[in-house]
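Structure record follows, encoded as structure tokens.
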Amino acid sequence: MLTKLKKQLSGVAGEYYVAAEFTRNGLLAAITLRNSNGVDIMVTDENGQHQLAIQVKTTQGKKKWLLTAKIEHEINASESKYFVFVSLPMDRSKAPEYSIIKAIDLGAFIKTSHQNWLSNPEKNRKDIGVRQYEEKYALEAGYKTFNEFTSFVEFIKEKIM
């Protein structure tokens, strides 16, 4: 029977998968110390001239991530900060799946979609400080996301690096 990893182990696994993907695509990736606030991985080109800040969120066996309300503050994030959402399959012989989105876009999407969710007149909903990210809804709302690293790295090399 397949068992879930402990939350801390799945988070560490997600960070290492993401760092490996950046490295595999020709960039340098350094995982920050565990108590770093808001940045899990620093990514740079080989010359060290251009950097990206990466926040990783990992889940197992599903493609939705629960976040705290402070995610809405990402509206004010740096242009070079991205979130990489990692879904680890329960079958460990399969590769993880990714959803990559600019932090500013994530903050705006989560804020708008949560306000829409709260304002549904047919429901008596309360704000309990939890937000949810699913890539399909971000795409429906018109936000650019990536689900594999090759096209994401090509994009950032053209736009940022």
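The values are calculated or read from the model by the stated rules, or taken from the named source; none is laboratory data. The structure presented is a predicted model; accordingly, all values stated were derived computationally and were not measured. Virtual Cβ from ideal backbone geometry, glycine too; neighbours counted across all protein chains shown. Just the protein is used for accessible areas: all its heavy atoms, side chains included, with ligands, DNA and RNA removed. Shrake-Rupley method; radii C 1.70, N 1.55, O 1.52, S 1.80 Å.
Summed over segment 142-161, residues that are farther than 17 Å from LYS63 by Cα and touching a Ser or Thr at 6+ places or on another chain (Cβ under 8 Å) total 1. Name the one entry in GLU97, GLU148 that is within 15 Å of VAL18 (Cα to Cα) and touching a Phe, Trp or Tyr at 6+ places or on another chain (Cβ under 7 Å). Every option except GLU148 fails the conditions.
A Cβ distance below 6 Å, combined with a sequence gap of six or more or placement on separate chains, defines the contacts here; from segment 7-30, residues that are touching a residue at least 40 places away in the same chain (Cβ under 8 Å) and closer than 10 Å to VAL56 by Cβ reach residues that are of a type in the set (Asp, Glu) and not in a helix (DSSP H, G or I) in the pairs GLU15/ASP40. Tell me, which residue of segment 137-156 that is among the aromatic types (Phe, Trp, Tyr), open to solvent by less than 80 Å² (accessible area, probe 1.4 Å) and part of a helix (DSSP H, G or I) is modelled with the highest pLDDT? Among those that are among the aromatic types (Phe, Trp, Tyr), open to solvent by less than 80 Å² (accessible area, probe 1.4 Å) and part of a helix (DSSP H, G or I), it is PHE152.
Restricting attention to segment 102-136, the residues that are out of contact with any helix residue (DSSP H, G or I) (no Cβ under 6 Å at 6 or more places or on another chain) and open to solvent by less than 30 Å² (accessible area, probe 1.4 Å) add up to 3.
Looking only at residues in segment 77-101 that are among the hydrophobic types (A, V, I, L, M, F, W, C) and in contact (Cβ under 8 Å) with a residue 60 or more places away in the chain, the one that is most open to solvent (accessible area, probe 1.4 Å) is MET90.
When each of LYS94, LYS123, LYS159 is tested for being at pLDDT below 95, within 28 Å of LEU2 (Cβ to Cβ) and not small (Gly, Ala, Ser), the lone residue that passes is LYS94. Total residues in segment 106-129 satisfying the condition of being touching a strand residue (DSSP E or B) at 6+ places or on another chain (Cβ under 8 Å) and assigned to a loop (DSSP other than H, G, I, E, B): the figure is 1.
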